Amino acid sequence: MLMTVLSFLLTIGVLVVIHEYGHYRAAVACDVKVLRFSVGFGRVLWRRQRGETEFVVSALPFGGYVRMLDERESPVPAQERDRAFNRKPLRQRVFIVAAGPAANLLLAIALYAAVNWSGVQELRPWLSAPQPGSLAEHAGLQSGDEVLAARIAGAAPEDGEWQAVRSLTDLQWRFTRAALRGEDLQLQVHARLREDDPGRGVRQLALPLSRIPASEVDGKLLDRVGLTGPYAEPLVDDVVAAGPAARAGLMKGDRVLRINGQVPRDAAELRRLIRSSLKGGQAQPLALDVERAGRTVNVVVQPVIKDVQGQKVARIEAALGAMPSIVEVRYGLVEGLGMALEKTWDTAVLSLNMLGKMLIGEASIKNLSGPLTIADYAGKSASLGWVHYLGFLALVSVSLGVLNLLPLPVLDGGHLMYYLFEGVTGRPVSDLWLERLQRGGVAIMLAMMSLALYNDLARLIGAH
């Protein structure tokens, strides 16, 4: 819990400081007098005066602001009017406002580059047997297939080059991007059955991701495609003392060769066969042939029925499957920076695409997350190590930059919208319309925040 809270506060603190520092540096560069640089809102907890700017930390950490000299907010002495924000040329005001989101995007590039250069441990894109009748099974994916490369099906030659798939996370990202765009993916795979197997039989297959509605593109996309996770050999990793597996004589390290006469190709299929023993509300006995110390041992296990999220599931109370294969994903200096730029751009475009589809009802509003989800993921990523945390920080930084560019009056994008109107018409938006738009923007932001918080709570109680 403490790790989650501290990671969340660090995340918010870094992102807010970088965002507001972008505004601050741009204002100073344009000779605008900055009165206050605040991290947080509400009661001031700490303050320090440096030059003409007061730097403060306030009680509510959900944001910050840079207060500049402005005749619209308070009287400005005649000798300082040329340093007031509202007196600056349109191009400088645009630059100052856009500098905040730009700072978040630049931070994301730097963080992604650091992750790429440092290297991160990720799951190998080595797949278990797909769900029967799923898109993955119909496409021809099989247990033990390792994805080597991917490309957009039917793309022009210059856009359809094969791109190496380095990890399962990389594969999921390509699936998400293609599904949101309504595109199909071609995969290059080969089969391998053991960790030391070099792989054989390279083949190509097409995965029709365009059949998945954009409204169903979320964190469970791999499940919808029919992929059950990384490949793991059908081994018994551990048994629960006095549980069905232990009573039947199963032992850690046993390799399951057959279960009721069927050969499980991997641990995921082994678990499915165990669950399928539930018939008529009763769990049927399972006859297992296992390999132990070079010989075959026959055991009969009587599963027990467990209630899992309101559903009855047959279990033998054993940890099944060897540890999934891990690879280190690391890039060189130039390639790592290029990948960081590409990842930042793709994430920004994907975020905008997702927001747009949510607005028109083509994507689920359940994808909108709030502070509780951010805090949860901050804690989880930090517990995995600093490299994973930097990757999470980069993702949230992109999201913050994109969010602030939305054309809502209370956000930077809303101010840019005002300046676009001013640039086209030659006159600023009237005070009356500014007030009306501000009220509308606040209402929309409150609605979005309420929905995000509701989604957070729903995830916590398992309603989503």
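Return yes when residue 41 is over 30 Å from residue 375 (Cβ atoms) and open to solvent by 40 Å² or more (accessible area, probe 1.4 Å) and no when it is not.
Considered against the rule, which asks whether it is over 30 Å from residue 375 (Cβ atoms) and open to solvent by 40 Å² or more (accessible area, probe 1.4 Å), residue 41 comes out as no.
Spot the failing condition for residue 193; the list is (1) surrounded by 18 or more Cβ atoms within 10 Å (Cβ to Cβ); (2) closer than 13 Å to residue 146 by Cβ; (3) of a type in the set (A, V, I, L, M), and only one is missed.
(1)
Where residues in the stretch 191-250 are modelled with pLDDT of 85 or more and among the charged types (D, E, K, R), which of them is farthest from residue 293 (Cα to Cα)?
211
Tell me which residues, restricted to the stretch 250-277, are within 21 Å of residue 306 (Cα to Cα), outside any helix (DSSP H, G or I) and open to solvent by less than 50 Å² (accessible area, probe 1.4 Å).
250, 259, 277
Working carefully through the options 25, 36, 83, find the one that is more than 19 Å from residue 105 (Cα to Cα), among the basic types (Lys, Arg) and either open to solvent by 60 Å² or more (accessible area, probe 1.4 Å) or without any contact (Cβ under 8 Å) to a residue 40 or more places away in the chain (or both).
36
Of the residues that sit in the stretch 237-249 and are part of a loop (DSSP other than H, G, I, E, B) and on the phi < 0 side of the Ramachandran plot, which one is least open to solvent (accessible area, probe 1.4 Å)?
243
Of (1) under 20 Å from residue 96 (Cβ atoms); (2) in contact with a strand residue (DSSP E or B) (Cβ under 9 Å, 6 or more places away or on another chain), residue 417 satisfies all except one. Which?
Residue 417 satisfies every listed condition except (2).
Inside the stretch 311-341, can you point out the residues that are among the aliphatic types (A, V, I, L, M), open to solvent by 60 Å² or more (accessible area, probe 1.4 Å) and part of a strand (DSSP E or B)?
326
Here are some residues: 163, 142, 121. Which one is open to solvent by 60 Å² or more (accessible area, probe 1.4 Å), over 23 Å from residue 232 (Cβ atoms) and not small (Gly, Ala, Ser)?
Among 163, 142, 121, only 163 is open to solvent by 60 Å² or more (accessible area, probe 1.4 Å), over 23 Å from residue 232 (Cβ atoms) and not small (Gly, Ala, Ser).
Looking only at the stretch 296-310, which residues are surrounded by 12 or more Cβ atoms within 10 Å (Cβ to Cβ), over 32 Å from the mean Cα position of the chain (by Cα) and not aliphatic (A, V, I, L, M)?
Of everything in the stretch 296-310, those that are surrounded by 12 or more Cβ atoms within 10 Å (Cβ to Cβ), over 32 Å from the mean Cα position of the chain (by Cα) and not aliphatic (A, V, I, L, M) turn out to be 302, 303.
Which of the residues that make up the stretch 208-236 are buried (at least 18 other Cβ atoms within 10 Å of the Cβ), of a type in the set (D, E, K, R) and not in a loop (DSSP other than H, G, I, E, B)?
224
Which residue out of 13, 51, 42 is under 23 Å from residue 401 (Cβ atoms) and among the small types (Gly, Ala, Ser)?
Within the list 13, 51, 42, the selection yields 13.
Among 43, 47, 25, which is the only one that is basic (Lys, Arg) and closer than 30 Å to residue 377 by Cα?
43
The values are calculated or read from the model by the stated rules, or taken from the named source; none is laboratory data. Please read all numbers here as calculations on a predicted model, not as lab measurements. Methodologically, a virtual Cβ is constructed for each residue, glycine included, from the backbone with ideal geometry; neighbour enumeration extends over all protein chains shown. Keep in mind that these areas ignore ligands, DNA and RNA; they rest on the heavy atoms of the full protein, side chains included. Shrake-Rupley method; radii C 1.70, N 1.55, O 1.52, S 1.80 Å.
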